[in-house]
Amino acid sequence: MTKLKISKKISTALINSLSAGVVPRLGVEHIAVGREKELASLLKNLDDIAEGVAAFRFIIGNYGSGKSFMLQLIRNRAMEQGFVVADADLSSERRLAGSNNEGLATYRELMSRLATKTRPDGGALVSILEGWINKIQQEVVKDTGKRPQDDGFDDLVETKIREVVQYIEDLVHGFDFGSVIVAYWRGYRTDDDNLKNAAMRWLRGEFNTKTEARAALGVRVIIDDDSWYDYIKILAKFVAEIGYKGLLILVDESVHLYQISTTVTREKNYNRLLAIFNDTMQCKAEYLGVIVGGTTKFLEDPNRGLFADQAWRRRTKESRFAAQAGVQEYLGPVMRLNPLTQAEIFTLLQRLTEIHALNFAYEQVLKNSQLQDFVKEIVNRLGAEALLTPGEIVRDFISVLNILQQNPEIAFTELIHGANFRPTAAGGNTNLDEGDAAEFSL
């Protein structure tokens with residue numbers, strides 16, 4: 001195996017995240033195993049989005065199958081390629097629609113987590129706008145020879161800003177969005193922090209009344225629970241016009257929509273999701289990608305899942321030809337994460353062993369035969385199907401590595417063959433509702 005070359009920061013982030021049972025934000029590419037076809041399909045979507053079309057994908061799998069991991073992997077790839085990316089986990093407070101601004105709460109979360117290659121940790125909205133303004137100023141200097149302090153320079157900059165803004169004014173609410181962008185520029189030009197802050201508050205959906213927004217910015221509308229997706233479409237076109245490849249929205253934990261107890265509210269959320277699906281699939285949106293992670297029940301439950309709606313069933317049901325041939329269709333709207341093979345699990349354990357040794361600066365002692373022994377032990381105790389969900393064994397394996405590193409007198413064979421070793425089983429408590437189960441996705 002090729003020796004890994006990763007920094008201490010990344011190895012620490014990986015070990016800490018994996019030990020805690022959460023998906024790492026950094027270094028996920030170093031533990032990406034067995035998802036080459038799925039990743040290639042999502043990268044093809046990125047190519048399409050960069051050409052000006054839109055894309056919508058579901059990533060469906062059971063707990064621990066790798067949904068969150070795939071979302072994180074494509075997030076990092078998209079930023080590397082020059083996309084603006086935003087991700088959010090749904091919850092009881094953050095949905096797509098609701099009576100208490102739950103949809104707006106999701107929009108606000110997306111805006112707070114807006115990220116680019118230079119601002120990968122979120123909060124990139126200010127840097128996106130100011131980076132664009134600086135670029136326009138440089139272009140004016142180059143094209144006209146004027147300097148920022150010269151008369152007429154600011155007017156030339158504003159003219160170029162309005163040239164971009166006019167491309168989004170034909171969209172629903174595009175004129176008001178453009179007016180706020182111009183207001184931000186004016187605040188930037190005059191060092192008016194109040195005006196800049198008001199523009200940012202509006203873009204982040206933080207104004208509560210139209211009166212307040214009109215007084216601060218002169219616009220008559222605000223971003224609310226009914227209109228927030230329209231502004232996502234506007235933002236996608238805007239960032240494409242100012243030099244990015246497009247906008248990628250990642251939504252995880254959609255099982256929270258499935259768990260809504262009130263039928264009317266649940267269907268309202270499903271209908272909002274259907275509107276987003278139709279918009280992107282019919283290319284009514286531009287430069288926009290939406291990827292939603294969900295469980296099999298969220299999609300297929302005939303009573304509470306998307307399949308309860310014939311419109312959703314028709315759009316997302318697996319092709320009978322793919323089912324008949326026993327193959328995965330990677331280009332359809334639904335991507336199902338199949339279990340990893342034992343060989344892929346073995347490769348994953350190799351990488352985890354090497355990363356652990358690099359992080360704690362010790363000589364790697366576990367041999368391939370011992371890793372294979374660990375795999376066999378898990379198979380024997382849980383059964384092969386339980387093994388093949390990587391989320392069910394990664395924390396166990398990291399724990400084994402920690403114990404061996406801290407207690408060199410303990411033999412690996414003694415540890416994993418001991419009578420008290422009980423690997424974590426998927427869904428061991430069958431009385432738990434799916435939403436109550438802890439999830440570690442890889």
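Solvent-accessible area of residue 297, all protein chains in place: 110 Å² (probe radius 1.4 Å, heavy atoms, ligands and nucleic acids excluded). Taking 0.36 nm per residue of separation and subtracting the Cα-Cα distance, full extension of the segment from residue 406 to residue 100 would add 105.2 nm.
The length gained on full extension between residue 321 and residue 278, counted as 0.36 nm times the residue separation minus their Cα-Cα distance, comes to 13.1 nm. Taking the Cα centre of the chain as origin and assigning +1 to Lys and Arg Cβ atoms and -1 to Asp and Glu Cβ atoms, the resulting dipole is close to 440 debye. Working note: Karplus 6.51/-1.76/1.60 with θ = phi - 60° gives segment 4-20 the couplings 5, 10, 9, 6, 4, 4, 6, 4, 5, 4, 5, 5, 5, 5, 5, 5, 8 Hz, where Gly and Pro are set to x.
For segment 34-133, the set of GluC sites (Glu not before Pro) satisfying both a DSSP loop assignment and a count of at most 13 other C-beta atoms within 10 Å is given as 51, 93. Placing pseudo-labels 7 Å out from each Cα toward the beta carbon at residue 149 and residue 314 gives an inter-label distance of 6.7 nm. Counting only DSSP beta bridges whose two residues both lie in the chain, roughly 5 percent are antiparallel.
Annotation: amide H of residue 252 within the under-5 Å range of 88, 89, 90, 293, sequence separation 5 or more or interchain, hydrogens built in the peptide plane. Considering the values (i) 80, 52, 38; (ii) 71, 51, 40; (iii) 69, 49, 36, which represents Cα extents along the principal axes in Å as calculated for the structure under consideration? Here Cα extents along the principal axes in Å agrees with entry (i). The distance from the alpha carbon centre of segment 119-163 to that of segment 172-206 is 15 Å, rounded to a whole number. Per residue, the convex hull around the alpha carbon atoms of segment 70-192 comes to 143 Å³. With θ taken as phi - 60° and the Karplus curve 6.51 cos²θ - 1.76 cosθ + 1.60 applied, the whole-hertz 3J(HN,Hα) list for segment 307-312 is 5, 5, 9, 4, 4, 5 Hz, x standing for glycine and proline.
In the calculated pair-distance distribution of segment 2-142, the portion above 23 angstrom amounts to 48 percent of the Cα-Cα pairs. Full extension of the chain between residue 37 and residue 7 gives 8.0 nm of extra length, using 0.36 nm per residue less the Cα-Cα distance.
Here segment 171-326 is assigned +1 on the Cβ of each Lys and Arg and -1 on the Cβ of each Asp and Glu. Its dipole about the Cα centre then comes out at about 380 debye.
The count of lysine pairs in segment 82-202 that are at least 8 places apart or cross chains, and whose C-alpha atoms lie under 22 Å apart, stands at 7.
The values are calculated or read from the model by the stated rules, or taken from the named source; none is laboratory data. Model, not experiment: these values are computed from the prediction. Counting neighbours? That spans all protein chains shown, and the Cβs are built from the backbone with ideal geometry, glycine included. Keep in mind that these areas ignore ligands, DNA and RNA; they rest on the heavy atoms of the full protein, side chains included. Shrake-Rupley method; radii C 1.70, N 1.55, O 1.52, S 1.80 Å.
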